[in-house]
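K.L.:
Before anything else, here's the structure in question.
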Amino acid sequence: MNPSEEKEKTKRIPWDEYWMNIVRDVAERSTCLRRQIGALVVKNKVIISTGYNGAPRGFPHCLDVGCRRDKLNIASGERHEECVGVHAEQNALLQAGRDAEGATLYVNAYPCKICAKLIINAGIKRVVMSGDYSDKEGLEYLKRAGIELKFM
């Protein structure tokens, strides 16, 4: 094997790209009719938890009963309290518990302001994001808290 073939064989994707690929797979479990969001909490290069958006345990899924926010004609990023769903970031943080402290959260959207407050209080030190979200106020909260933000 020549040196260029050997170098190509050993080339690996960067960690952030690797984790974001997993986030996209986690999002496939979402039961939200509007957006499929996945989240991943990683600490010391080990997955601590995953989460995707959907109805709370025991509740019917929006896939089965329809979207309350669509029925009420509510725009994206507004009136979060009208959605029965739990956000991907919230589910990942609940699963991680205290292990989230000092970890990195990967998510395929900007965290909303509610999730941003939970991320801050969970002690997350870094958030890596792809995608977009209409409510950008959560990003301001994260910046104000000194959390490192990376956009992919």
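K.L.:
List the pairs whose first member sits in segment 133-152 and is closer than 18 Å to Gly38 by Cβ, whose second member is among the acidic types (Asp, Glu) and surrounded by 12 or more Cβ atoms within 10 Å (Cβ to Cβ), and whose Cβ atoms are under 7 Å apart, counting only residues at least 6 apart or on separate chains?
P.N.:
As it stands, the answer is Lys150/Asp16; Met152/Asp16, since those pairs meet every condition given.
K.L.:
Being over 22 Å from the mean Cα position of the chain (by Cα) and either in contact (Cβ under 8 Å) with a residue 24 or more places away in the chain or under 23 Å from Asp25 (Cβ atoms) (or both) is the filter here; which residues of segment 45-69 pass it?
P.N.:
Within segment 45-69, Asp64, Gly66 qualify.
K.L.:
Shifting gears a bit: Would you say Arg144 is of a type outside the set (Asp, Glu) and open to solvent by 40 Å² or more (accessible area, probe 1.4 Å)? Give the derivation first.
P.N.:
Details: of a type outside the set (Asp, Glu): yes; open to solvent by 40 Å² or more (accessible area, probe 1.4 Å): yes.
Yes, satisfied.
K.L.:
Please state which of the following conditions Lys113 fails to meet, knowing it meets all the rest: (1) over 12 Å from the mean Cα position of the chain (by Cα); (2) surrounded by fewer than 16 Cβ atoms within 10 Å (Cβ to Cβ); (3) farther than 13 Å from Gly51 by Cβ.
P.N.:
Answer for Lys113: the failing condition is (2).
K.L.:
Assuming Val65 fulfils every condition listed in (1) out of contact with any helix residue (DSSP H, G or I) (no Cβ under 7 Å at 6 or more places or on another chain); (2) on the phi > 0 side of the Ramachandran plot apart from one, which condition is it?
P.N.:
In the conditions (1) out of contact with any helix residue (DSSP H, G or I) (no Cβ under 7 Å at 6 or more places or on another chain); (2) on the phi > 0 side of the Ramachandran plot, Val65 misses (2) alone.
The values are calculated or read from the model by the stated rules, or taken from the named source; none is laboratory data. Treat the numbers as computed from the prediction; the structure is a model and nothing was measured. Note: ideal-geometry Cβ built from the backbone for every residue, glycine included; neighbour counts use all protein chains shown. Only protein heavy atoms, including side chains, enter the accessible area calculation; ligands, DNA and RNA are left aside. Shrake-Rupley method; radii C 1.70, N 1.55, O 1.52, S 1.80 Å.
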